[in-house]
1. Nearest 10 degrees, 0 to 90: what angle lies between the long axis of helix 231-242 and the longest principal axis of the chain (Cα atoms)?
2. Looking only at Cα atoms, what is the convex hull volume of the chain per residue, in Å³?
3. Relative contact order for the chain: what is it in percent, counting Cα pairs under 8 Å that are at least 6 residues apart?
4. Using only C-alpha atoms and all pairs of different ones, pull out the Kirkwood radius for the stretch 38-118 in Å with one decimal.
5. What's the carbon and sulfur percent of the chain's accessible surface, probe 1.4 angstrom, rounded to a whole number?
6. Would you mind working out the accessible area per residue for the stretch 107-175, using a 1.4 Å probe, and quoting it in Å²?
7. Using a 10 Å Cβ count of at most 16 others and DSSP loop calls, identify the longest part of the chain lacking such GluC sites (Glu not before Pro).
8. Per DSSP helix of 4 or more residues, -39500 (n - 2.57); summed, then divided by the residues of the chain. What does that give at 222 nm, rounded to the nearest 500?
Amino acid sequence: MNSAPNSTLLTARPILDFASAEVTTAMNRSFEEYFVPLVFTPETFERRFRSEHLDAQASKLWFADGKLVGLVLMARRGYTSRVAAMGLVIEARGKRYGQQMLQAALDEAQARHDRSMLLEVFVPNERARRLYERLGFQNTRELFTFRRVPGAVENAAPLTEVDPLQVAYLVAREGKPNLPWMFAAESLMAASAPTRAFSLDDKAFVLLRPEAERTLVLTIIVARAYRRQGWGRRLLQAMESAFSGPPLMMPMVTQGPGYSFLQAAGWEPLDLSLFEMEWRIS
């Protein structure tokens with residue numbers, strides 16, 4: 001590895017060399033005091049990142065003098081890579097280590113003939129955004145998280161629980177193209193308990209994960225033959241009735257019909273949004 005700008009020699013090892021518990025600990029340390037809390041157990045780490053097609057050889061833990069500096073987790077599908085997570089431990093921040101770590105990931109992607117690399121960054125994280133721009137990443141779109149506090153819903157239709165894989169297949173066949181990586185059909189196909197799926201009269205479907213402080217909505221889809229007939233609105237009402245406790249949250253919504261649909265239904269976009277950025281090999 002080339003030396004970092006401050007002449008400290010960094011070394012990297014693939015996460016393939018470590019137990020899941022060790023990688024989870026490194027992940028949690030690398031995201032302390034982050035924009036949003038990120039704390040994983042080995043179980044939740046594996047559930048999330050394996051569904052995103054994490055590459056354990058391309059994903060690296062980074063060290064300086066034997067001490068953890070941070071990590072770069074890489075997910076891969078076809079000719080496209082994605083930075084699934086990149087973070088530095090508190091004591092390593094502000095030393096420009098991130099540039100070396102990400103440049104190494106880009107060099108490896110180019111060596112294996114990838115055509116592009118994706119990542120997401122919080123809009124207020126200007127330091128990270130400037131780094132990515134210096135390395136050739138460009139903004140492609142803004143991603144929003146919507147929130148809805150459940151209220152009283154009268155005469156809501158009942159939901160029927162279905163196999164999550166059924167909903168993932170429907171998203172693959174009839175969903176919007178180019179969905180954000182975490183909520184594309186390829187990721188949804190790995191969904192399992194505690195993720196649950198529901199149908200409204202076999203016309204509208206939702207995939208969600210109940211959590212202690214929120215219900216995370218992974219996807220909403222109406223079968224193509226029943227669109228523009230009010231089934232999406234009725235599905236939201238049924239969800240609100242069935243999951244009337246913690247707030248409903250739907251992340252990574254792009255500008256367009258889905259954004260307008262949620263807004264018209266009384267859902268509110270949070271202030272903290274993300275930019276999706278892409279690096280392309282010319």
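1. It is inclined by approximately 80 degrees.
2. Values: hull volume 37.2 nm³, N = 282.
Convex hull volume per residue, Cα atoms: 132 Å³.
3. Values: 501 pairs, mean separation 57.4, N = 282.
It comes to 20 percent, rounded to a whole number.
4. Numbers: mean 1/r = 0.0746 Å⁻¹.
Every distinct Cα pair counted, the radius reaches 13.4 Å.
5. Values: 7060 of 14290 Å².
Of all accessible area on the chain, carbon and sulfur atoms account for 49 percent.
6. Values: 4030 Å² over 69 residues.
Accessible area per residue, the stretch 107-175: 58 Å².
7. Numbers: sites that count: 32, 33, 154, 211, 213.
Longest gap between qualifying sites, sites excluded: 34-153.
8. Numbers: 8 runs with 80 residues, N = 282.
Roughly -8500 deg cm²/dmol at 222 nm, from the helical runs in the chain.
The values are calculated or read from the model by the stated rules, or taken from the named source; none is laboratory data. These figures come from a predicted structure and were not determined experimentally. As a convention, Cβ positions derive from the backbone with ideal geometry for all residues, glycine included, and neighbour counts pool all protein chains shown. SASA here: full protein model, heavy atoms, side chains in, ligands and nucleic acids out. Shrake-Rupley method; radii C 1.70, N 1.55, O 1.52, S 1.80 Å.
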